[in-house]
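K.L.:
Input: one structure, supplied below.
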């Protein structure tokens, strides 16, 4: 089992993946979608706080719906709030399940944290080199045009 970063339109996200054999071919299966985290360690640090916030948000929404029912709200406004509340609770429950599964995987595979920390470090170094190369190319292009290097790429 190992971790990898996948690229998507929304940025990069972390996956835990396992290899398996399918006849003579080696295939990969995603064990857990971790999300937009740099590493498992960062996910384990951030997820409990996010889970608390999601649960709190869902509880407040449930109280609002209860208040609306007690005060005989009806129609579209109540239905919209009930639907929003269901989504918030499902999101909180899903995050809780993901955190539990991540903790279980790390407990069952302690080497996963070590391997992922090394992967995250290599990934950060690669990104730093890419940013430096882009900055250098931009600076060279600006210098070739005779423009001032005082402005940043976003100002250009």
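K.L.:
How large is the helix-only mean residue ellipticity at 222 nm for the chain, computed as the sum of -39500 (n - 2.57) over DSSP H runs with n ≥ 4, divided by its residue count, in deg cm²/dmol to the nearest 500? Walk me through the intermediate numbers first.
P.N.:
Numbers: 3 runs with 98 residues, N = 156.
Helix contribution divided over all residues of the chain: -23000 deg cm²/dmol.
K.L.:
Send over the per residue convex hull volume for the chain, Cα only, as a whole number of Å³. List each step's numbers first, then the result.
P.N.:
Working: hull volume 34.3 nm³, N = 156.
With only Cα atoms used, the chain gives 220 Å³ per residue.
K.L.:
If you don't mind, there's one more thing I want to ask. Treat each spin label as a single point 7 Å out from the Cα along the C-beta direction, and report the residue 8 to residue 103 distance in nm.
P.N.:
Taking the simple label geometry, residue 8 and residue 103 are separated by 2.4 nm.
K.L.:
Next up: Could the peptides 3-9, 33-39, 140-146 be put in order, highest first, of the mean number of other beta-carbon atoms found within 10 Å of their residues?
P.N.:
On the way: 3-9: 12.9, 33-39: 17.7, 140-146: 10.3.
In descending order of packing, they fall as 33-39, 3-9, 140-146.
K.L.:
Give the shape of region 31-74 as rounded, prolate or oblate, defined through the alpha-carbon gyration tensor: a ≥ b ≥ c are the square roots of its eigenvalues, a/c under 1.5 means rounded, and otherwise the shape is prolate if a/b is larger than b/c and oblate if not.
P.N.:
Values: a/c = 5.95, a/b = 3.46, b/c = 1.72.
Since a/c reaches 1.5 and a/b is larger than b/c, the shape of region 31-74 is classed as prolate.
K.L.:
Continuing with this model, one more query. How fast does region 1-84 diffuse by Stokes-Einstein, in µm²/s, taking the Kirkwood radius from C-alpha pairs at 37 °C and 0.692 mPa s?
P.N.:
200
K.L.:
Can you tell me the FRET efficiency between residue 64 and residue 17 if r is taken as the Cβ-Cβ distance and R0 is 41 Å, rounded to the nearest 0.05?
P.N.:
Working: r = 40 Å, r/R0 = 0.99.
Calculated value: 0.50.
K.L.:
Between the helical axis of 111-144 and the dominant principal axis of the chain, each derived from Cα atoms, what acute angle in degrees is found, rounded to the nearest 10?
P.N.:
60
Every read-out reported here was derived from the displayed coordinates using simple, explicitly stated rules and does not represent laboratory data. A quick note: this is a predicted structure, and the numbers were derived from the prediction, not measured. Cβ: placed from backbone, ideal geometry, glycine included. Neighbour counts: every protein chain shown.
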